[in-house]
Amino acid sequence: MSAINTLATVSRDACVAADRADSLAAFRQRFILPEGVIYLDGNSLGPRPVGALERVQEVVANEWGEGLIRSWNTAGWFELPGRLGDKLARLIGGQGGEAVVTDTTSLNLFKALASAIRIQQVDHPDKRVIVTERDNFPTDIYIAEGLADFLNSVVEATGRRYEIRLVDEQLPLEEALDGEVAVVALSHVNYRTGAMWDMREVTAAAHGRGALTVWDLAHSAGAVPVDLNGADADYAVGCTYKYLNGGPGSPAFIWVNARHQDRFWQPLAGWWSHARPFEMAERYAPASTINRFLCGTQPVTALALVETGLDIMLDADPAAVRAKSLALTDLFVALVEQRCGVHGLELITPREHAVRGSHVSFRHPEGYAVMSALIARGVIGDYREPEVLRFGVTPLFLGYADVWDAVEILRDILDSGAWDAPEFKARNAVT
């Protein structure tokens, strides 16, 4: 565990010493965090980067206020989705011209799935199955179901319907991959457990059966090493408001391997994806670039915020980020099991580094109340059904002493039974 060698020798002083020796420690000063808060929810919403407020003020006061509509040209607003996409591609193993920052993860997933299905309708028309994971983030399943339902309403007369096949412990991926599978759509890192697929291995297996892949990188981008081109992936989507610190509800991204970009346009064919949008032509002619995966007019202020977070991530050494992530999550797991082990916490995150993302999850029968009590004490994680306490570990602003202190507060809440109070059991709308 970096400067911390074994649990037997761990102390808070050792954690403080490890923080002093940390090559990434200076990045903490590039985020705005409240005093007295240990923020373990950067996997759900990253904190505000230094400079974000000033960037928004620049857009609103100067680019909009003074430049007015001229700023589409003079401030580079029109090129912003692609320029940010090129920056983001460097974080996920992509190349220039393979990504755009736009829309939401859900919309981009629909675009990617629809594009992949259209390719398969030409190359392998008998393939009618979309494989995804039963424990996937729900919207990923809902979007796939919605696309299949739409396609089935159109092709009803053929008698050959599209279907969703969910993999789980009863139906492993290797058994689900047969000759009927058109697309495999998986979250690289599971939102609940933090379990991570081997992208290269899964993509090769899918391609071996003639299927295309769509990867959801919502809990990967900025947190774990991703090499889309190295894995020979086909499509990827993800959000920018988690580990990329783009702000609440900031625009998502879509990455499309260059070999697929010029085959078919995606079904949300808005004017921004037209080859010549300002000709205002009657008929649609898709752009021959990644721009064909855009749709309508872009949210400039939100995009400007995304760039602030991306620039911080691009300054960090990805290998150092991953090494510290693993060291911090190892420490967190070890301390919880040693100091809170009598309280029925069940680790559901893989211990093996190769199959783990950057958050740690424990199940507890009173998980919601325990997390509420933690938040009241300034340790902010989040809760996911069923009974899951989820702790995001973001190496750029968290340290070893933060992990020590968070576990100490968790231990005190469990030992004292402080969680067993009515105010901690009242459910909020957002957990």
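The distance between label points at Val122 and Ala25 comes to 5.7 nm (points 7 Å beyond Cα on the Cα→Cβ vector).
Placing unit charges on the Cβ atoms only, positive for Lys and Arg and negative for Asp and Glu, gives the chain a dipole magnitude near 600 debye about its Cα centre. In this structure the amide hydrogen of Asp382, modeled in the peptide plane, comes within under 5 Å of the amide hydrogens of Arg390, Gly392, none closer than 5 places in sequence on its chain. Placing +1 on the Cβ of every Lys and Arg and -1 on the Cβ of every Asp and Glu, with nothing else charged, gives segment 66-151 a dipole about its Cα centre of roughly 220 debye. For segment 355-430 versus segment 248-319, the spacing of their alpha-carbon centroids is 36 Å. Ranking Ala204, Ala287, Gln298 by how far each Cα lies toward the positive end of the dipole of the chain (charges on Cβ) leaves Ala287 at the top.
Normalised by 2.2 N^0.38 Å, where N counts its residues, the alpha-carbon radius of gyration of segment 302-405 equals 1.17. What's the carbon and sulfur percent of segment 356-431's accessible surface, probe 1.4 angstrom, rounded to a whole number? The C+S portion of the solvent-accessible surface of segment 356-431 is 53 percent. With distances taken between every two different alpha-carbon atoms, segment 1-95 has a Kirkwood hydrodynamic radius of 17.5 Å.
Would you mind checking the tilt of helix 80-89 against the longest principal axis of the Cα atoms of the chain, expressed as 0 to 90 degrees and rounded to 10? The angle comes out near 60 degrees.
Taking +1 at the Cβ of each Lys and Arg and -1 at the Cβ of each Asp and Glu, which of Trp72, Ile38, Ser187 sits farthest along the dipole of the chain towards its positive end, judged by Cα position relative to the Cα centre? Farthest towards the positive pole: Trp72. Let me know the number of lysine pairs in the chain closer than 30 Å at the Cα, not counting same-chain pairs under 8 apart. Pairs that pass both the separation and distance tests number 7. Put simply, the C-alpha atoms of the chain give a gyration tensor, and the ellipsoid matching it has half-axes of 38, 28, 19 Å, longest first. Rolling a 1.4 Å probe over the heavy atoms of the protein chains gives the chain an accessible area of 42 Å² per residue. Highest mean first, the peptides 82-92, 219-229 sorted by other C-beta atoms within 10 Å per residue fall in the order 219-229, 82-92. The reciprocal of the average 1/r between distinct C-alpha atoms defines the Kirkwood hydrodynamic radius, which for segment 160-201 equals 11.9 Å. Taking label positions 7 Å along the Cα-Cβ direction at both Phe278 and Arg12, the computed distance is 6.1 nm, reported to one decimal. Here the 3J(HN,Hα) profile of segment 94-106, calculated from phi with Karplus coefficients 6.51, -1.76 and 1.60 at θ = phi - 60°, is x, 10, x, x, 10, 9, 9, 9, 5, 6, 10, 4, 4 Hz, Gly and Pro shown as x.
Packing around the peptides 193-203, 32-42, taken as the average count of other Cβ atoms within 10 Å per residue, puts them in this order, highest first: 193-203, 32-42. Relative to the longest principal axis of the Cα atoms of the chain, the long axis of helix 138-154 lies at roughly 20 degrees.
Here segment 81-203 exposes an accessible surface that is 52 percent carbon and sulfur, computed with a 1.4 Å probe and the other protein chains kept in place. For segment 273-315, what Kirkwood radius comes out of the mean inverse Cα-Cα distance, in Å? By the Kirkwood definition, the hydrodynamic radius is 12.4 Å. Taking packing as the residue-averaged number of other Cβ atoms within 10 angstrom, the listed peptides 334-344, 280-290 run from highest to lowest as 334-344, 280-290. Using a Gaussian network model of the chain with C-alpha springs under 10 Å, which one of Pro350, Pro395, Pro277 is most mobile by mean-square fluctuation? So, out of Pro350, Pro395, Pro277, the one fluctuating most is Pro277. Helix 318-339 and the longest principal axis of the C-alpha atoms of the chain enclose an angle of approximately 40°. Taking label points 7 Å from Cα along the Cα-to-Cβ direction, Arg263 and Arg427 give a separation of 4.3 nm.
The values are calculated or read from the model by the stated rules, or taken from the named source; none is laboratory data. Remember, predicted model here, so these are calculated numbers, not experimental data. Methodologically, a virtual Cβ is constructed for each residue, glycine included, from the backbone with ideal geometry; neighbour enumeration extends over all protein chains shown. Surface accessibility is based on the protein's heavy atoms, side chains included, excluding ligands, DNA and RNA. Shrake-Rupley method; radii C 1.70, N 1.55, O 1.52, S 1.80 Å.
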